[in-house]
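S.K.: My structure is below; once you've seen it, I'll send some questions.
The values are calculated or read from the model by the stated rules, or taken from the named source; none is laboratory data. It should be emphasised that the depicted structure is a prediction, and the values quoted were computed from it without experimental measurement. Note that each Cβ is placed from the backbone with ideal geometry, even for glycine, and that neighbours are counted across all protein chains shown.
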Amino acid sequence: MVKSFGINKKLSTALTETLISADEFRGRLRLEGIRISKINLDPNNPRELALTKDDITLGIKKDDPQYELKHREMESLSSLAHSIKTNGLMNPILVYESGSDFIVLAGERRTLATIIAGKDRIEARILPEKPADKDLPILQWIENIERQDLTLKEKINNLEKIFDISSRSPKHIEAVLGCGHSMAHNYSKLLQPMNSTLKAYIDNGTVNSIKKAILLVKLDEDEIKEYLSREDEYQEIPSAKFKPTLKEIGDKVKSKNKLKKLGAKKQKIEFGETKKIAVARKLYFAFKKDEALKHEFDLIPEPDWSDVRSINRAFSELVYLLEENCGE
């Protein structure tokens, strides 16, 4: 049975404006149960897993150089396969039509887990044709973001595909994804270089919360290890006195920032303040004429000169970008 599928309104706006014209796809995707035999994984899209459809249906060959890895991947899909067998697929995969077959854009794990579950059909959101290569990461992000099982590592990997190093300002992220200003700032922070300890904890799933990662990114490696070792201790000995909290990390970050400000009081540069919009406008356009600032101004929309908050935000974004790009 074919059903219509509507996307979350805010994400739909981003999708329509960024990827697909309303005339071409009319803002809607087709939702349909399709045969597994008609589905192929995208050979041109980097895959997360080494495991293939043939490995599941025919068995992993003993002489396969990736035998051990594929076995581990098969085991990692077992709980998802059990859930699909018991309750069905909660989040349809995303595919596009290719002749009489379908190519997976997002949902590799769900597809393979459905095969393990012994199903011959899978629910899929269907596009009539392959989107442009530059649009694929954004489309996959929009399709995946509402999945509850999406890991923080997967979110960061998806964001890195969409935004290169020169386009990771909160303003740009907010415009492309259609997310809120606060979330855009969080995504921007996660896309900045982070210490190897935190990255390793995110990669192995120990840190899987955006809120926790945003706080931990402000701590040094030893502090991160100390916090997470106490979290492990709590798992073994559940007790309120052992349990570390996000508030505790937040308090530590505030304390560090306060000490940093006290220690570097003379190093902070004040630009002064003015109540005259004409002064701010003159400074803005004087900066904008500087070729050395072209990259930063390309990322900052001109403020609404009748709105003081918009003007302050523009200057704050400029200083933020300059601090990110200056090594000193």
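S.K.: Among Lys171, Lys155, Lys199, which is in a helix (DSSP H, G or I) and within 14 Å of Trp141 (Cβ to Cβ)?
M.R.: Answer to the selection: Lys155.
S.K.: Taking the range 294-309 as the search range and keeping residues that are surrounded by 10 or more Cβ atoms within 10 Å (Cβ to Cβ) and over 28 Å from the mean Cα position of the chain (by Cα), which one is modelled with the highest pLDDT?
M.R.: Looking at residues that are surrounded by 10 or more Cβ atoms within 10 Å (Cβ to Cβ) and over 28 Å from the mean Cα position of the chain (by Cα), I get Trp305.
S.K.: Another one. Of the residues that make up the range 176-184, is at least one among the aliphatic types (A, V, I, L, M) and under 14 Å from Glu317 (Cα atoms)?
M.R.: Checked the range 176-184: at least one residue is among the aliphatic types (A, V, I, L, M) and under 14 Å from Glu317 (Cα atoms).
S.K.: Something else: In the range 290-321, what residues are closer than 18 Å to Ser182 by Cα and of a type outside the set (A, V, I, L, M)?
M.R.: Within the range 290-321, Pro301, Arg309, Ser310, Asn312, Arg313, Phe315, Ser316, Glu317, Tyr320 qualify.
S.K.: In addition: Are any residues in the range 155-194 touching a residue at least 40 places away in the same chain (Cβ under 8 Å) and surrounded by 16 or more Cβ atoms within 10 Å (Cβ to Cβ), and if so, which ones? Spell out the reasoning first.
M.R.: Within the range 155-194, the first condition is being touching a residue at least 40 places away in the same chain (Cβ under 8 Å), and the residues that meet it are 155-156, 166-167, 169-172, 176-179, 192.
Those that are touching a residue at least 40 places away in the same chain (Cβ under 8 Å) and surrounded by 16 or more Cβ atoms within 10 Å (Cβ to Cβ): Lys155, Ile156, Ser169, Pro170, Lys171, His172, Val176, Leu177, Gly178, Cys179.
S.K.: Just to be sure before I move on: is Lys218 of a type in the set (Lys, Arg) and in a helix (DSSP H, G or I) in the structure I sent?
M.R.: In short, no.
S.K.: Of these, Asp42, Asp54, which one is at pLDDT 85 or above and assigned by TED's automatic domain parsing to the domain that holds Ile138?
M.R.: Going through Asp42, Asp54 in turn, just one is at pLDDT 85 or above and assigned by TED's automatic domain parsing to the domain that holds Ile138: Asp54.
S.K.: Here is a further query. From the list Lys276, Lys225, Lys243, pick out the single residue that is surrounded by 13 or more Cβ atoms within 10 Å (Cβ to Cβ), farther than 29 Å from Ile173 by Cα and modelled with pLDDT of 75 or more.
M.R.: Only one candidate qualifies: Lys225.
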